[in-house]
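*Asks:* Structure incoming, see below.
The values are calculated or read from the model by the stated rules, or taken from the named source; none is laboratory data. Note that this is a predicted model, so its numbers are computed, not measured. Every residue, glycine among them, receives a Cβ derived from its backbone with ideal geometry; neighbour counts consider all protein chains shown.
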Amino acid sequence: MSILDWLSKKQKVSPQAEKLNIPGDLWVKCKSCSEVMFIKDLEKSFKVCIHCEYHFRITPDERLSYLFDKKSFKEIDGGIKPIDFLEFTDTEPYKKRIELAQKKSNRSEAMIIGEATLNNHPINVGIMDFSFMGGSMGSVVGEKVTRIIENAIINKAPLFIFTSSGGARMQEGITSLMQMAKTSAALSRLSDAGVPYVSILCDPTTGGTSASFAMLGDIHIAEPGALISFAGPRVIEQTIRQKVPKGFQRAEFLLEHGMVDMVVKRKDLKQRLLDIVTLLGVQEG
């Protein structure tokens, strides 16, 4: 009996069936090398391809579980929600976009903030969620960034912000652009208070986010292969009418040209952050 006959008999499908009835949620295809992996194998490797080390995008909850002490995260201001104050409509009303994004992500906005511990060291944390309207920065995201900065000024614990954003949110007009100045001014006060700020740049970090709080850290860490830019390479090529270098605007290119301090694999990030906290002399809580 052939393997196809055996599988067909076991699954009660005809031998002539072109496809076997195998559940589709067991496997995942790498977007970089196209190799296929078991979902469980991918999860064990911190959502990093076991063949080419491509770093998949992950949720804020996954990032918290990978890096911080179990159940230590306490969210701050989780109920703040955006409103359609401009009554903006493009292909669909902004109000509807917000509702769909909230339903899809089960979050009120594209960022969560709060306090957590890293091996018992207190940390202020902000994590952007790219699945919520491309991690775009509107008035609520800017407000949350500002509030976690102000929280760090009060409790003096280091601030870690994980960025993943397509830039400012056009549906909120100039108000979204104002968040660049607002967050930058708040970080200036944080610097004056002598509180360290570590910016972890994830894929992608672009637009108004990269032009403000993402690139104003005391230490900049990038995940391998992350796109970090203001305008994308295609827009730049169309503007200057020249081809950009290979790997342009990727984490490794920025490291080579002095724009980030280090590129750290996801599996090594927790230890690297702990090393930084230890060097800074942060006491355990």
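*Asks:* Within the group Q171, Q249, which residue is surrounded by 19 or more Cβ atoms within 10 Å (Cβ to Cβ), at positive phi and touching a helix residue (DSSP H, G or I) at 6+ places or on another chain (Cβ under 7 Å)? Show your work before the answer.
*Replies:* Numbers: Q171 fails: at positive phi.
The unique qualifying residue is Q249.
*Asks:* Quick check, is G281 of a type outside the set (K, R) and exposed (fewer than 15 other Cβ atoms within 10 Å of the Cβ)?
*Replies:* Working: of a type outside the set (K, R): yes; exposed (fewer than 15 other Cβ atoms within 10 Å of the Cβ): yes.
Answer is yes for this residue.
*Asks:* If you take just the helices (runs of 4 or more DSSP H) that sit entirely in the range 185-285, which of them hold at least 2 residues that are in contact (Cβ under 8 Å) with a residue 24 or more places away in the chain?
*Replies:* Values: elements: 207-210, 233-240, 251-256, 266-279.
Result: 207-210, 251-256, 266-279.
*Asks:* If you check S229 against the conditions, is it within 19 Å of H55 (Cβ to Cβ) and within 13 Å of the chain's Cα centre (by Cα)?
*Replies:* On the way: within 19 Å of H55 (Cβ to Cβ): yes; within 13 Å of the chain's Cα centre (by Cα): no.
Here the answer is no, as S229 does not meet what is asked.
*Asks:* From A116, A110, A101, grab the single residue that is under 20 Å from the mean Cα position of the chain (by Cα), more than 28 Å from G217 (Cα to Cα) and buried (at least 17 other Cβ atoms within 10 Å of the Cβ).
*Replies:* Selected residue: A101, the only one of A116, A110, A101 that is under 20 Å from the mean Cα position of the chain (by Cα), more than 28 Å from G217 (Cα to Cα) and buried (at least 17 other Cβ atoms within 10 Å of the Cβ).
*Asks:* Filtering the range 189-210 down to residues that are among the aliphatic types (A, V, I, L, M) and in contact with a strand residue (DSSP E or B) (Cβ under 9 Å, 6 or more places away or on another chain), which residue is farthest from I123 (Cα to Cα)? Even if it seems obvious, please write down each step before you answer.
*Replies:* Start the filter on the range 189-210 by keeping residues that are among the aliphatic types (A, V, I, L, M), which leaves 190, 193, 195, 198, 200-201.
This time we only want the ones that are in contact with a strand residue (DSSP E or B) (Cβ under 9 Å, 6 or more places away or on another chain), so: 190, 195, 198, 200-201.
On the way: L190: 14, V195: 11, V198: 11, I200: 14, L201: 17 Å.
Going through the qualifying residues, I end up with L201.
*Asks:* On the basis of being crowded, with 24+ Cβ neighbours inside 10 Å and out of contact with any Phe, Trp or Tyr (no Cβ under 7 Å at 6 or more places or on another chain), does G142 make the cut?
*Replies:* Spelling it out, G142 is indeed crowded, with 24+ Cβ neighbours inside 10 Å and out of contact with any Phe, Trp or Tyr (no Cβ under 7 Å at 6 or more places or on another chain).
*Asks:* While we're here: Among (1) modelled with pLDDT under 95; (2) in contact with a Pro (Cβ under 8 Å, 6 or more places away or on another chain), which single condition is L227 missing?
*Replies:* Among (1) modelled with pLDDT under 95; (2) in contact with a Pro (Cβ under 8 Å, 6 or more places away or on another chain), L227 violates only (1).
*Asks:* Out of all the residues in the range 125-139, which are crowded, with 24+ Cβ neighbours inside 10 Å and within 16 Å of A181 (Cβ to Cβ)?
*Replies:* Scanning the range 125-139 gives M137, G138.
*Asks:* Given the residues S2, S72, S8, which is the only one that is modelled with pLDDT of 95 or more and among the small types (G, A, S)? Before you say what the answer is, go through the steps one by one.
*Replies:* Values: S2 fails: modelled with pLDDT of 95 or more; S8 fails: modelled with pLDDT of 95 or more.
Matching residue, one of S2, S72, S8: S72.
*Asks:* Here is a list: R241, R234. Which entry is modelled with pLDDT under 95 and on the phi > 0 side of the Ramachandran plot?
*Replies:* On the way: R234 fails: on the phi > 0 side of the Ramachandran plot.
Result: R241 is the single residue among R241, R234 that is modelled with pLDDT under 95 and on the phi > 0 side of the Ramachandran plot.
*Asks:* Still on this model: Of the residues that make up the range 229-246, is at least one touching a strand residue (DSSP E or B) at 6+ places or on another chain (Cβ under 6 Å) and surrounded by 17 or more Cβ atoms within 10 Å (Cβ to Cβ)?
*Replies:* Of the range 229-246, the ones touching a strand residue (DSSP E or B) at 6+ places or on another chain (Cβ under 6 Å) are none.
No, every residue in the range 229-246 fails to be touching a strand residue (DSSP E or B) at 6+ places or on another chain (Cβ under 6 Å) and surrounded by 17 or more Cβ atoms within 10 Å (Cβ to Cβ).
*Asks:* Residues of the range 109-145 being farther than 18 Å from E172 by Cα, in contact with a Lys or Arg (Cβ under 6 Å, 6 or more places away or on another chain) and free of Cβ contacts under 8 Å to residues at least 60 places away in the same chain, which ones?
*Replies:* I113, G114, E115
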